[in-house]
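Asker: Sharing a structure below in structure tokens format, with a few things to ask.
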Amino acid sequence: MLICPKCHKEQEDGAKFCDACGAQIFETVFCPNCGEKTSTEFAFCEQCGASIQEDVTVKTASEEHVSKKKIIGEVGKLPKKLLVGVGIAVVVVLAAVFIRKLFTGESSRNYCLYLKDGAIVYDDFSENGAFELTSLGIDNVSNSEFERDDGWWISPYIEFSENGKYVFYPDIVDRPDDEVDGVTIYCRNINKPNEEPVKIDSEVMHYEINNDGTQVIYIKEDGGLYSHDLENKEKIASEVKEVYTANDCKKIGFLKSNGGYYVYSDGNEIEKIASDIEMILHVSEDLSVLYYRKEGGLYRWAEGEEDVTKISSDVAVVDKIYDSGEIYYTKEETAEVKLTDYVVDDMADADAAMNEPESPDYPSGWDYDTEEAYNAAVEQYETAYNAYETAYAAYTAKTERDALRETLQESTFEKSVYTLYYYDGEESVVITDALKKEDDYLFLAAQNSPAIVYQEYNQAEVTKVKLSEISSGDEVEELVRAALYASAATYLAVGEQISVLEQTDIQKVIFSADEKSLYFVDDVSDEDHGNLYKAAITDKAVQEPELVDSGVYCDRSYVWGWGLNVVENPLVYFKNYDSEKSRGDLWINGKEIDYDVALSFTIKDGSVYY
């Protein structure tokens with residue numbers, strides 16, 4: 001009996017595809033090489049790696065056909081620990097789950113690195129190609145501890161020279177926990193695995209290598225900046241906290257802990273560029289241009305220019321600096337809001353004309369000759385007293401409004417006002433002075449060309465509240481704050497030219513790889529599924545969006561691409577995502593490819609691995 005793996009419907013013997021959902025039904029086969037039982041779902045035998053079959057054609061729900069291969073079976077079949085990195089290898093299938101770094105280089109060599117039994121192993125797929133680089137001694141360290149985000153991931157410390165000849169890697173066997181933050185870095189010639197590795201240095205916090213791997217520039221935990229040529233090391237400076245390299249490591253820029261920035265080139269003296277830098281914001285690839293913050297101001301230094309350019313003062317955030325010299329940045333100011341500015345005194349005239357009413361006197365029987373006359377006077381009194389009580393209640397309300405007026409006149413609250421600027425290389429212009437920058441704001445700058453998506457509050461629609469409808473200053477402040485921050489529209493600025501996105505519930509926005517289109521999800525449901533749109537960017541303006549697909553998964557908390565890849569070809573997204581199972585249906589270029597897929601995936605040479 002055959003059971004559909006997707007919808008679990010019973011199928012007839014010999015069925016290739018489910019007659020209900022179209023999912024492929026796989027057959028049990030035996031490996032032609034080792035004889036182990038396996039399935040036609042696999043392209044390779046899980047035991048020996050021999051080829052099982054050619055590409056499998058998979059029928060999708062929309063009756064389309066795509067080519068799909070299952071590269072490997074259960075994750076538990078992998079070597080112990082995690083995969084550190086991948087070269088041009090079939091192991092790249094697991095990139096989204098395990099990979100921390102890709103080693104591409106310019107070499108034609110195929111290779112991969114992985115952790116096995118506490119050691120980093122290098123393998124170039126030749127008969128004797130696998131060998132242990134170093135033992136890390138991490139067998140007793142759990143992944144949660146090993147993959148901490150405090151600088152102790154292994155992969156950021158592994159580098160290959162561009163020619164593929166040298167590999168630089170860490171050894172932390174002798175690391176004294178919580179005492180030393182750096183690692184010991186070694187270098188090994190891949191072509192000579194039996195040679196002793198070269199020890200570069202210990203307590204290394206960060207390092208850069210040149211193209212052929214013969215020079216290493218690095219910072220130690222004590223702030224020392226060094227250069228190493230695989231034989232000897234030379235100390236360049238002390239108290240360094242950041243370093244930048246150019247010209248194949250022949251030119252070095254570095255920031256010292258005292259805020260001084262320096263440039264050093266081989267054979268030249270160290271040149272001091274700036275002092276009292278609070279933060280380096282951007283350095284050009286050739287180190288010829290530097291942007292930095294100093295005393296809250298934004299500055300630009302350029303090689304060959306006599307003076308430093310002060311772009312602006314009191315900058316809160318530098319959102320994006322482009323190689324063209326164009327910049328988006330934000331200023332923050334605190335504005336004092338008067339509550340009276342948002343209140344209409346609709347009772348002013350009536351209250352001004354109102355006086356305190358006088359209470360009528362109760363009639364005395366001595367003043368009347370007959371009982372009938374006295375009773376008539378009492379009845380008249382009761383009518384007058386009822387009128388008095390009504391008038392006094394109105395007067396009491398008036399006095400309360402007077403007190404509220406005094407409170408409102410004296411009451412203010414502070415609000416943060418964010419202004420977004422565009423700098424074209426010579427002067428700054430305001431993009432918006434009502435920028436939304438709260439916890440849930442939508443804000444995204446393109447990486448390569450000056451363009452930015454942002455939201456602004458539509459404060460022109462803030463309506464004033466009537467004095468007769470409120471009872472306290474706190475109530476007014478609450479209403480005003482809600483009105484000021486309630487409405488936000490989404491815009492795209494290209495340079496300084498602004499256009500609006502008409503959709504009202506945009507949750508996520510991402511630029512296409514060529515930055516000529518925007519993708520975003522609108523009308524998001526409580527289950528985080530919505531409509532996926534594409535909007536072209538032409539003539540520095542966003543065009544009318546077109547619907548790509550509906551029911552697309554959009555996790556509000558998922559930052560990097562929310563399951564949508566910035567590469568348009570292929571365009572990858574998920575539908576019917578089950579957050580409890582962390583699985584969903586994988587769609588590529590508008591076609592359903594597979595089901596029960598984890599959100600993580602990677603793309604290499606136009607193929608999607610998941």
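The values are calculated or read from the model by the stated rules, or taken from the named source; none is laboratory data. Note that the structure is predicted; figures quoted are calculated from it, not measured. We place every Cβ from the backbone using ideal geometry, glycine too, and count neighbours over all the protein chains shown. The protein model used for the area step is the full one, side chains on, heavy atoms only, and it has no ligands, DNA or RNA in it. Shrake-Rupley method; radii C 1.70, N 1.55, O 1.52, S 1.80 Å.
Asker: How far apart, in nm, are two points set 7 Å out from the Cα along the Cα-to-Cβ line at S312 and at D286?
Answerer: Once both label points are built, they end up 2.8 nm from each other.
Asker: What does the charge count around N448 come to, taking other residues whose C-beta lies under 14 Å from its C-beta (Lys +1, Arg +1, Asp -1, Glu -1)?
Answerer: -3
Asker: Related question: Write down the accessible area per residue of segment 395-520 in Å², having rolled a 1.4 Å probe over the full set of protein chains.
Answerer: On a per-residue basis, 51 Å².
Asker: Arrange the peptides 222-233, 2-13, 349-360 so that the one whose residues have, on average, the most other Cβ atoms within 10 Å appears first.
Answerer: Ranked from most to least packed, the peptides come out as 222-233, 2-13, 349-360.
Asker: Same structure again: So, with a 1.4 angstrom probe, what is the percent of accessible area on segment 198-302 that is carbon and sulfur?
Answerer: Of the solvent-accessible surface of segment 198-302, carbon and sulfur hold 39 percent.
Asker: With labels modelled as points extended 7 Å from the Cα through the Cβ direction, what inter-label distance (nm, one decimal) is found for N268 paired with V500?
Answerer: 5.2
Asker: Taking the simple approach of a point 7 Å from Cα along Cα-to-Cβ for both D229 and T407, what is their distance in nm?
Answerer: In this crude label model, D229 to T407 measures out at 7.9 nm.
Asker: Quick one: net charge around I470, please, counting Lys, Arg +1 and Asp, Glu -1 for every other residue with C-beta under 13 Å from its C-beta.
Answerer: -4
Asker: Give the long-range amide H neighbours of D346: residues separated by 5 or more places, or on another chain, with amide H under 5 Å away, using H modelled in the peptide plane at 1.01 Å from N.
Answerer: Amide H neighbours of D346: L467, S468.
Asker: Where does each of 417-423, 394-400, 312-318 land if you order them by average Cβ count within 10 Å, highest first?
Answerer: Per-residue mean Cβ counts within 10 Å order the peptides as 417-423, 312-318, 394-400.
Asker: Tell me, what ³J(HN,Hα) does each residue in segment 165-171 have, in order and in whole Hz, if you take phi through Karplus 6.51 cos²θ - 1.76 cosθ + 1.60 with θ = phi - 60° and put x for Gly and Pro?
Answerer: 7, 10, 10, 10, 8, x, 9
Asker: Let me ask something else. Quick one: what are the phi-derived ³J(HN,Hα) couplings along segment 598-610, Karplus 6.51/-1.76/1.60 with θ = phi - 60°, whole Hz, x for glycine and proline?
Answerer: Residue by residue, segment 598-610 yields 5, 5, 6, 7, 9, 10, 9, 6, x, 9, 9, 10, 8 Hz.
Asker: Under the rule of at least 5 residues apart or a separate chain, name every residue whose amide H is placed under 5 Å from the amide H of I273.
Answerer: For I273, the qualifying residues are Y261, Y262, V263.
Asker: Further question: Quick one: which residues, 5+ away or cross-chain, put their amide H under 5 Å from the amide H of D201? H built at 1.01 Å from N.
Answerer: I185
Asker: Within the set of other residues whose C-beta is less than 13 Å from the C-beta of N210, count the net charge using Lys and Arg as +1 and Asp and Glu as -1.
Answerer: Neighbourhood net charge equals -4.
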